[in-house]
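What follows is a short report on a single structure.
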Amino acid sequence: MRPLWIAIALTALPFAAAGQGQAADAAAGKSKAQMCAVCHGLDGIGKNPDVPNLAGESPIYIAKQLHAFKSGQRQHEQMSIIAQSLSDDDIANLAAWYASLKVTVEMPN
C-alpha cells in the first residue's frame with residue numbers, strides 16, 4: 001500500500017508546486033486564450049465535433065492535459081506544438097480562464 005501512496009504523491013507534486021506560486025490569473029488566461037479560440041471558441045465550446053469543450057472544466061484537468069501535451073506524454077498534431085510555447089504560468093492562467101466560464105444545461109422537454 002505504501003508504494004501506491006508514494007506514486008500518487010509524486011504524481012501530484014508538480015501540480016502542488018505550481019500552485020505554491022502566485023494565484024492563477026483568469027484575465028491573463030483570457031488574453032492567452034485568443035490563440036485557442038479558432039478551435040475551442042471564445043466561449044470555450046469546441047467548434048468541431050472532435051474538439052473538446054473547455055468551458056467550465058476543472059482547472060486541475062485542463063492544466064494536467066496541457067502539461068501532458070507539453071511533455072509529450074499526450075500526443076495531438078496541433079496541441080503538442082501549441083503546448084510547447086506555454087509556460088507554467090500560461091497553463092495555470094488558461095486553466096483558470098476556462099474554469100471560470102459558466103456552462104448552463106437545459107433539460108429537454
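Restricting segment 16-49 to residues that are among the small types (G, A, S) and part of a loop (DSSP other than H, G, I, E, B), the residue that is modelled with the lowest pLDDT is G21.
Comparison of E57, E106 shows that the only residue that is out of contact with any Pro (no Cβ under 8 Å at 6 or more places or on another chain), in a loop (DSSP other than H, G, I, E, B) and without any contact (Cβ under 8 Å) to a residue 24 or more places away in the chain is E106.
The values are calculated or read from the model by the stated rules, or taken from the named source; none is laboratory data. Everything quoted here is computed from the prediction, not taken from an experiment. Heads up, the Cβs are rebuilt from the backbone with ideal geometry, glycines too, and the neighbour counts pull from every protein chain shown.
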